[in-house]
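Here is the structure we will look at, set down as structure tokens.
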Amino acid sequence: MSKFRREHGFWAAVSGLRLRELLSAEILVGVLIGAGVATIQMVWGNREARIGLAGDFLSITSALLGVVFAAFALLVAFFSPGYVSLLNAIPSGVKGFLQPFLMAIGVQVALILGVVLFRSLPATVPDWVSGIGFYALSITFAAVLMDVVALARSVLIHGVLRGKQEALTSRNDNKR
């Protein structure tokens with residue numbers, strides 16, 4: 001069982017990523033927005049403002065994690081045997097279809113942990129250290145938000161495939 005978990009867990013999904021998958025338009029836009037927000041905060045903001053903004057990251061990401069996890073669970077729950085067969089006909093199979101959700105969940109959890117760590121840093125930590133942390137959090141937060149668009153695309157693909165499956169099933173039923 002542990003081998004199965006290792007093969008299908010978050011780190012297996014990370015190790016199987018191709019650079020092209022990391023460079024999606026959504027993620028790149030998120031990186032640019034996050035870097036822009038962090039730069040504005042580092043130039044014109046102060047430590048308290050950054051800690052407050054990180055608190056907003058925490059609230060939004062926590063809610064988003066619940067939504068993404070629920071969507072992931074619903075997708076899995078509503079797979080019919082025929083649909084699983086249809087997905088398995090694709091080279092990446094069911095695993096490839098669901099991995100973006102696992103990746104999103106893992107990154108969101110890491111972001112939540114990072115924000116908690118950032119907010120717990122004592123005031124004695126040098127600004128350059130907290131600045132690096134804030135850049136990392138801002139970029140990750142914006143990328144996580146933009147990743148929702150990529151996940152929506154996955155759900156759309158799911159819907160299109162379900163529609164094709166229904167059309168095939170309907171045609172087969174009419175031939176009988």
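Might you check whether a residue that is surrounded by fewer than 16 Cβ atoms within 10 Å (Cβ to Cβ), closer than 21 Å to VAL37 by Cα and among the aromatic types (Phe, Trp, Tyr) occurs anywhere in the range 115-132?
Looking for residues that are surrounded by fewer than 16 Cβ atoms within 10 Å (Cβ to Cβ), closer than 21 Å to VAL37 by Cα and among the aromatic types (Phe, Trp, Tyr), one finds at least one in the range 115-132, hence yes.
Go through the range 36-59 residue by residue and tally those that are surrounded by fewer than 15 Cβ atoms within 10 Å (Cβ to Cβ) and under 30 Å from VAL155 (Cβ atoms).
Qualifying residue count, the range 36-59: 4.
On the basis of being in contact (Cβ under 8 Å) with a residue 24 or more places away in the chain and of a type in the set (A, V, I, L, M), does VAL115 make the cut?
For VAL115, the condition - in contact (Cβ under 8 Å) with a residue 24 or more places away in the chain and of a type in the set (A, V, I, L, M) - is met.
For the structure I just gave you, tell me whether ILE90 is modelled with pLDDT under 85 and either among the charged types (D, E, K, R) or not in a helix (DSSP H, G or I) (or both).
yes
Does GLY16 fit the bill of being modelled with pLDDT of 85 or more, of a type in the set (Gly, Ala, Ser) and in contact with a helix residue (DSSP H, G or I) (Cβ under 8 Å, 6 or more places away or on another chain)?
Spelling it out, it is not the case that GLY16 is modelled with pLDDT of 85 or more, of a type in the set (Gly, Ala, Ser) and in contact with a helix residue (DSSP H, G or I) (Cβ under 8 Å, 6 or more places away or on another chain).
Between a first residue in the range 63-90 that is small (Gly, Ala, Ser) and a second residue that is in a helix (DSSP H, G or I), which pairs have beta carbons less than 8 Å apart while being 6 or more apart in sequence or on different chains?
ALA71/PHE101; ALA71/LEU151; ALA71/VAL155; SER80/GLN165; GLY82/GLN165; GLY82/THR169
Test GLY96 against the criterion of being assigned to a helix (DSSP H, G or I) and out of contact with any Phe, Trp or Tyr (no Cβ under 7 Å at 6 or more places or on another chain), and give yes or no.
On the way: assigned to a helix (DSSP H, G or I): yes; out of contact with any Phe, Trp or Tyr (no Cβ under 7 Å at 6 or more places or on another chain): yes.
Taking the combined requirement at face value, the residue satisfies it.
The values are calculated or read from the model by the stated rules, or taken from the named source; none is laboratory data. The model shown is predicted, which means the values in this text are computed figures rather than measured ones. All Cβ positions, glycine included, derive from the backbone under ideal geometry; neighbour counts span all protein chains shown.
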